[in-house]
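Reading through the structure tokens given below for one structure.
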Amino acid sequence: MKHLALVWLMALPGFAQFPQPEGGGFEAGTLPLTWLTGGPKCMESPDWQVHEYNADFYILRESGCTNYEKPFLYLIFGGERALLVDTGAGKVETRGIVMQVLSKWMKRKERSNIPLLVVHSHGHGDHVAGDAQFRNTPGVELIEGKSAALIEKFHLQDWPNQLGTVDLGGGRILDLIPIPGHQEASIALYDRKTGLMLTGDSFYPGRLYISNWKQFVESIDRLVTFTASHSVAHFLGCHIEQSKTPFRDYLIGSMYQPHEHSLELGRGELLELLEALKKQNGVPARVALRDLTIWPMSPEVSKEMGRVQKEVEEAQRKLQWAQPH
């Protein structure tokens, strides 16, 4: 009998585990082992990296050679329209790469057009810099990165306690979860098709800058509550600042991060974050966790960060562009 059991197991080499019904009900996708960060030679680095998570979900990363923030943007396709989350940082050309992906997608699907809805993870400058390229454009609806605009568009009168939905048609619905605290218009988006949760600058492998402590703690608690009843494949934020070494991050202003952390986080890291926040009992303090850092903001902290960012970026930019032997 033991021999028969071994033969049966060997006959199933394609299974890493016993199969679950319909893969948990989600559309599968893949993430790269590494992302382009910008460099070490900027003359050789593309301005954008485009990654196809699956046929209807794309992740775009801006190069650090364009802007040290290196933000991630998300382009999601439904049956009736597409959704772009954020428009980039600095002096960036975002419209061209987005329209290129739209064009290729339409060719694949044998469609002549698809309207585009543009929203923001929040309203900071490194996420709205390309807005002018989409504003007042035929076939494009741009929602400003302000809580008032979100409240009006998605009928969120009880902001930030009320959840909303973004319906892209064809059964593709994303849940919109207000999560202010990093910035007043911060939101998370949960894609029911893939189980991906987009968390902007409120939860990602890096420095979680907190401008309103009370709101931020409530927002992370809101995410924990939501995900208690919604399975999440990956939490995907808008930056990577953490290195692969636990408890260590790259300095602000770093254009090139050859050993950076993976983009995705899990619910375990979210629970760890909430626990660490609540342990402080309302007295904000900087705390380094394994995969991210709690980083309360103040005018003094902002000033010091601005100094470090300028020094680091100027030093790296000389090396990245000059490409010395």
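Laboratory data are not the source of any read-out in this text; all were calculated from the coordinates shown. No experiment lies behind these values; they were computed from the predicted model shown. Heads up, the Cβs are rebuilt from the backbone with ideal geometry, glycines too, and the neighbour counts pull from every protein chain shown.
Just a few scattered comments:
- Spacing of the two label points (7 Å from each Cα toward its C-beta) at Asp175 and Lys214, in nm: 2.6 nm
- For the chain, the list of Cys residues with no other Cys C-beta under 4.7 Å reads Cys238.
- Residue-wise HN-Hα coupling along region 205-211, computed from phi with Karplus coefficients 6.51, -1.76, 1.60 (Hz; x: Gly, Pro): x, x, 8, 8, 6, 10, 9
- Summed side-chain charge close to Leu273 - residues other than Leu273 whose Cβ falls under 14 Å, Lys, Arg +1, Asp, Glu -1: 0
- Highest-fluctuation residue, Cys238, Cys65, Cys42 considered, GNM on the chain with Cα pairs under 10 Å: Cys42
- Identified option (computed volume of the Cα convex hull per residue in Å³; candidates [x] 127; [y] 115; [z] 180): [z]
- For region 257-299, the extents of the C-alpha atoms along the principal axes are 35, 28, 12 Å, listed from largest to smallest.
- Partner aspartates and glutamates for Lys91 [C-alpha distance under 13 Å; skip if fewer than 8 residues away on the same chain]: Asp47, Glu62, Glu69, Asp126, Asp131
- Applying 0.36 nm per residue to the separation of Leu271 and Ser231 and subtracting their alpha-carbon distance, the gain on full extension is 13.0 nm.
- Amide H contacts under 5 Å for Val118: Leu84, Glu141, Leu142, Ile143, restricted to partners 5 or more places along the chain or on a different chain, H placed in the peptide plane at 1.01 Å from N.
- Label-reachable residues, region 122-150, where backbone N falls under 19 Å from a point 7 Å from Lys91's Cα toward its Cβ: 125-134
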